[in-house]
Amino acid sequence: MTPHIEAKKEEIASIVIMPGDPLRCKMIAEKYLKDYKLVNQVRNQLAYTGTYKGKRVTVFSSGMGNPSMGIYSHELFSVYGVEEIIRVGSCGAFSEDLGLYEVVLVENSYSHSNYYQELDDKNDRLLESNKELNQIIKDTANKLNIELNIGNVYCTDVFYNHVDIPYLRDNFNCIATEMETFALFSNAKKLGKKASALLTVSDNLITHEETSSEERQNSFNQMIELALESIK
Ligand code: HPA
């Protein structure tokens, strides 16, 4: 138990899939998991542990933004002995070529957040996801015929921001933006654990196209299946 998670240690699997939205966790458990059990409802940050094709997995909601993701992923890694977290979320695309509902595999997360500085007293602003886990995800995507856009993302603390897209594209190869990978990758780096992130494009910051929340839920399924199939 931690201040934020009521699950017993043995109720959390060593591999965790992390969407932002608690209701999405419920949907994933109901649609994909067998013998699942609700293991956290503190603050309605729902989490379920069950099996997918015989493999034990926990789906745990991160909430929105680096501080929330930072708390849950840190406690999962450091208290619950979790070894691997795959974030499954949404992102805003930085180019016309990256269409709504396309899937992004995050190579590096660039951020102006102080999260890593405050966590580990180091000033790194570009943090990488786990290469080994990414390779498994790429191989699985090939097998499932899912096209992946592989690149860096800009992880912001401010949803309603003034984002300088050309600067982020040209200097840091950012293809999209979201709000949670930097804290996740910071914790994984500090604690010697594995973390990767899959994102579906929910809006395009160039064309200003947007998905509805219902459409977003459906387009999520392909990405969730890729994450679940990538579990070893
Ligand atoms: N900005 C930040 N985070 C996001 C966005 C966005 O446009 N879309 C999905 N997550």
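Worth pointing out:
- Members of the stretch 124-166 that are within 15 Å of the ligand (Cβ to nearest atom), more than 16 Å from the chain's Cα centre (by Cα) and closer than 16 Å to Glu107 by Cβ: none
- Selected residue (only one of Asp170, Asp121 is more than 16 Å from the ligand (Cβ to nearest atom), at positive phi and charged (D, E, K, R)): Asp121
- Qualifying strands (runs of 3 or more DSSP E) (wholly inside the stretch 8-85; at least 2 residues being farther than 17 Å from Lys194 by Cβ): 34-40, 47-52
- Subset of the stretch 179-218 [within 12 Å of the ligand (Cβ to nearest atom), of a type outside the set (A, V, I, L, M) and touching a Leu at 6+ places or on another chain (Cβ under 6 Å)]: Glu209, Thr211
- Within the stretch 192-232, the residues that satisfy the criterion of being closer than 18 Å to Ile85 by Cβ and either part of a loop (DSSP other than H, G, I, E, B) or not aliphatic (A, V, I, L, M) (or both) are Gly192, Lys193, Lys194, Ser196, Thr200, Phe220, Glu225, Glu229, Ser230, Ile231, Lys232.
Readers should treat all values here as calculations from the given coordinates under stated rules, not as data from a laboratory. As the structure is a prediction and not an experimental result, all values here were calculated from the model. Glycine gets a Cβ as well: all are built from the backbone with ideal geometry, and neighbour counts include every protein chain shown.
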